[in-house]
Amino acid sequence: MATLLYGRRSIVSRTARIAGRIALVTLVMIVGAACGPKSAPRACLQFSADLMPDLAGGLIRKDFRIANAWAVKSDQMIDSSGVKFPAYFLSADIVAPSGEAVVGTWVTTEITKPGLIYSVSPQAKKYSSWAQAGDASTAGITIATPGAKESISCVLNGRGGSTKAGVSPKAATP
């Protein structure tokens, strides 16, 4: 009888050890996933005020203006004739004379001096005459590319009370 009882204790303790090991491995995996590398939020970079007239120069309507421009550095590069340039998603409010505004997003090679500019978002394509992203030099760059939506968030967070958010600019009536 002592052997039978001892055998049962052995089975129970062995099962407990296995369950404990499984629990420990599970805990280590959870902690490892929680502490693992995370992608840092992308920083909002102020677009140079000196470049605002250049950006606004690409607007189709000359009575519209550009305001509240912010950029976010992309992990992708722009390839211009075999020369690779860093890419920045540039978003800004496109403001109609009435004060109504919509966010447009472009991709550019510079945020402190003049550079290449391509329209990315539907709003940028509609309201500006800059070349559209998607050619050979900007292959793979879309509004879904990491950094594009973050630049839009920078604009939304940087808005003052001067624009009517989320409304497409309308032509001024004569």
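You will find that of S128, S121, the residue that is open to solvent by less than 30 Å² (accessible area, probe 1.4 Å), closer than 15 Å to L51 by Cβ and modelled with pLDDT of 95 or more is S128 and no other. For the range 63-110, filtering for residues that are surrounded by fewer than 16 Cβ atoms within 10 Å (Cβ to Cβ) and more than 21 Å from P146 (Cα to Cα) leaves 7. Taken over the range 72-110, the residue count meeting the criterion of being over 18 Å from A131 (Cβ atoms) and among the aliphatic types (A, V, I, L, M) is 6. Quick check: anything in the range 43-61 open to solvent by 90 Å² or more (accessible area, probe 1.4 Å), more than 17 Å from the chain's Cα centre (by Cα) and at pLDDT below 90? Within the range 43-61, none of the residues are open to solvent by 90 Å² or more (accessible area, probe 1.4 Å), more than 17 Å from the chain's Cα centre (by Cα) and at pLDDT below 90. Whenever a residue of the range 115-133 is farther than 21 Å from F85 by Cα, its partners that are basic (K, R), lying with C-beta atoms within less than 8 angstrom and at least six residues away or across chains, give the pairs Y127/R61.
Residue-wise test of (1) open to solvent by less than 50 Å² (accessible area, probe 1.4 Å); (2) at pLDDT 90 or above; (3) charged (D, E, K, R).
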position	(1), (2), (3)
S137	yes, yes, no
K149	no, yes, yes
I152	yes, yes, no
L156	no, yes, no
T163	yes, no, no
V167	yes, no, no
T173	no, no, no
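Among residues of the range 47-65 that are without any contact (Cβ under 8 Å) to a residue 24 or more places away in the chain and β-branched (V, I, T), none has a beta-carbon under 6 Å from a residue that is open to solvent by 40 Å² or more (accessible area, probe 1.4 Å) and not in a helix (DSSP H, G or I) at least six positions away or on a different chain.
The values are calculated or read from the model by the stated rules, or taken from the named source; none is laboratory data. Predicted model only: the values in this text are computed from it and were never measured. Quick reminder, even Gly has a Cβ in these numbers, built from the backbone with ideal geometry, and neighbours come from all protein chains shown. When the accessible area is computed, the model is the full protein with side chains, heavy atoms only, and any ligands, DNA or RNA have been set aside. Shrake-Rupley method; radii C 1.70, N 1.55, O 1.52, S 1.80 Å.
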